[in-house]
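Heads up, the thing below is written out as structure tokens.
The values are calculated or read from the model by the stated rules, or taken from the named source; none is laboratory data. Quick caveat: nothing in here was measured; it's all calculated off a predicted structure. Quick reminder, even Gly has a Cβ in these numbers, built from the backbone with ideal geometry, and neighbours come from all protein chains shown.
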Amino acid sequence: MTTEVKKAEHPGGLGLALDFGPLLIFFLAYKFSGVIVGTVAFMIAIAIAVVVSRMKLGKVSPMLWLSAVLVIGFGALTIYFNDPKFIQIKPTVIYLLFAVGLFGGLMMKKPLLKFLLQAALDGLDEAGWLKLSRNWAFFFLAMAGLNEAMRLTLDFDLWLTLKVWGVTVLSLLFGFANMPMMMRHGLAADREAALEAEPPQG
């Protein structure tokens with residue numbers, strides 16, 4: 001019984017696929033068929049991710065809901081105006097919303113990441129949650145600035161390549177860089193938990 005509950009709380013590889021899969025599909029569809037087809041594929045893939053999350057995990061995380069709403073909204077603008085800048089702005093909006101939410105929680109002494117990731121980070125104390133929320137808030141703020149810099153200076157092909165691969169690597173490295181701090185605040189040295197603790201891509 002305990003094992004079954006544990007599995008339900010820890011999405012593992014499925015959670016990673018739901019977060020990263022739609023972005024990878026966008027990348028592949030764009031490479032083969034261009035921006036518009038890639039955007040349509042992105043919108044369909046994120047909608048499927050929401051359905052699969054609901055069916056397999058029994059819930060849809062707030063971050064996946066937010067990503068889905070923004071992907072579909074900005075994707076529709078991209079298609080309607082035939083302009084890729086809208087889908088490029090979407091990550092900036094997501095990063096800023098995450099940063100504002102986390103900073104707002106910190107101002108009220110409420111680490112919002114605790115409500116999103118607690119099942120994956122059992123044992124982390126309150127001070128650890130506050131530090132983790134602060135670190136990710138600054139990270140998301142920096143990523144919003146980085147996305148805007150890339151969007152304004154790079155062509156779409158290079159922007160998308162860096163968004164899919166470079167930003168993913170940066171997020172993983174940043175997640176692992178927080179491990180020593182979290183271990184000092186009660187988290188067990190569990191590599192699986194570290195991977196699952198990484199917030200989803202924008």
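List of remarks:
- Flag for Ser133 being under 20 Å from Gly15 (Cβ atoms), polar (S, T, N, Q), without any contact (Cβ under 8 Å) to a residue 60 or more places away in the chain and buried (at least 20 other Cβ atoms within 10 Å of the Cβ): yes
- Residue within the stretch 116-132 that is modelled with pLDDT of 90 or more and in contact with a Phe, Trp or Tyr (Cβ under 7 Å, 6 or more places away or on another chain) present: no
- Each residue in the stretch 94-108 was checked for being over 15 Å from the mean Cα position of the chain (by Cα) and buried (at least 19 other Cβ atoms within 10 Å of the Cβ), and 1 of them qualify.
- Ile94 being of a type in the set (Val, Ile, Thr) and at pLDDT 95 or above: no
- Thr78 hydroxyl-bearing (Ser, Thr, Tyr), closer than 18 Å to Val167 by Cβ and touching a residue at least 24 places away in the same chain (Cβ under 8 Å): no
- Test: residue in the stretch 168-185 that is outside any helix (DSSP H, G or I) and modelled with pLDDT under 90: yes
- Filter result (at pLDDT below 55, exposed (fewer than 12 other Cβ atoms within 10 Å of the Cβ) and assigned to a helix (DSSP H, G or I)) within the stretch 1-36: Thr2, Thr3, Glu4, Val5, Lys6, Lys7
- Residues of the stretch 49-91 satisfying the condition of being buried (at least 19 other Cβ atoms within 10 Å of the Cβ) and of a type in the set (Ser, Thr, Tyr): Ser53, Ser61, Ser67, Thr78
- Boolean, Met143 is over 24 Å from Phe20 (Cα atoms), in contact with a Gly (Cβ under 9 Å, 6 or more places away or on another chain) and either small (Gly, Ala, Ser) or surrounded by 15 or more Cβ atoms within 10 Å (Cβ to Cβ) (or both): no
- The condition (being loosely packed, with under 14 Cβ neighbours inside 10 Å, modelled with pLDDT under 90 and farther than 30 Å from Val35 by Cα) is satisfied by just one residue among Glu192, Glu196: Glu192.
- Annotation note: of Leu141, Leu96, Leu106, the sole residue that is in a helix (DSSP H, G or I), in the same structural domain as Met182 (by TED's automatic domain parsing) and without any contact (Cβ under 8 Å) to a residue 40 or more places away in the chain is Leu106.
- Hey, Val40 under 29 Å from Leu158 (Cβ atoms), out of contact with any strand residue (DSSP E or B) (no Cβ under 8 Å at 6 or more places or on another chain) and either assigned to a loop (DSSP other than H, G, I, E, B) or at pLDDT 95 or above (or both) or not: yes
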